[in-house]
Amino acid sequence: MMKSLIALCAFAGVVGLSACSGMGRGETVGTVGGAAAGGAVGSAVTGGSTIGTLGGAAIGGYAGHEAGVDYDRKHR
């Protein structure tokens, strides 16, 4: 059940991000990578809690996005 929920959330995130055509490559890669890493860390820290996984994915996605913006800005 938990793996299905995580897979569904990951799929929804990827589909949602695919609509962001105005984002640079660094932003996209940073957001997706950050969300995946954050979700994994959040799940591990909270013992597989759904709230911990989603919270980690949200925080990781935001941090990855900001890092991607910085990367794109430096590599224009």
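A simple spin-label model places pseudo-atoms 7 Å from Cα toward Cβ; at residue 59 and residue 45 they are separated by 0.3 nm.
In this label model, residue 37 and residue 76 are separated by 2.5 nm, measuring between points 7 Å along each Cα→Cβ vector.
Backbone phi angles across region 36-48, fed through the Karplus curve with coefficients 6.51, -1.76 and 1.60 (θ = phi - 60°), yield HN-Hα couplings of 5, 5, x, x, 5, 5, x, 5, 5, 5, 9, x, x Hz in residue order; Gly and Pro are listed as x.
Each value in this text was obtained by applying a stated rule to the coordinates, not by laboratory testing. Because the structure is a prediction, the values reported are computed rather than measured. Methodologically, a virtual Cβ is constructed for each residue, glycine included, from the backbone with ideal geometry; neighbour enumeration extends over all protein chains shown.
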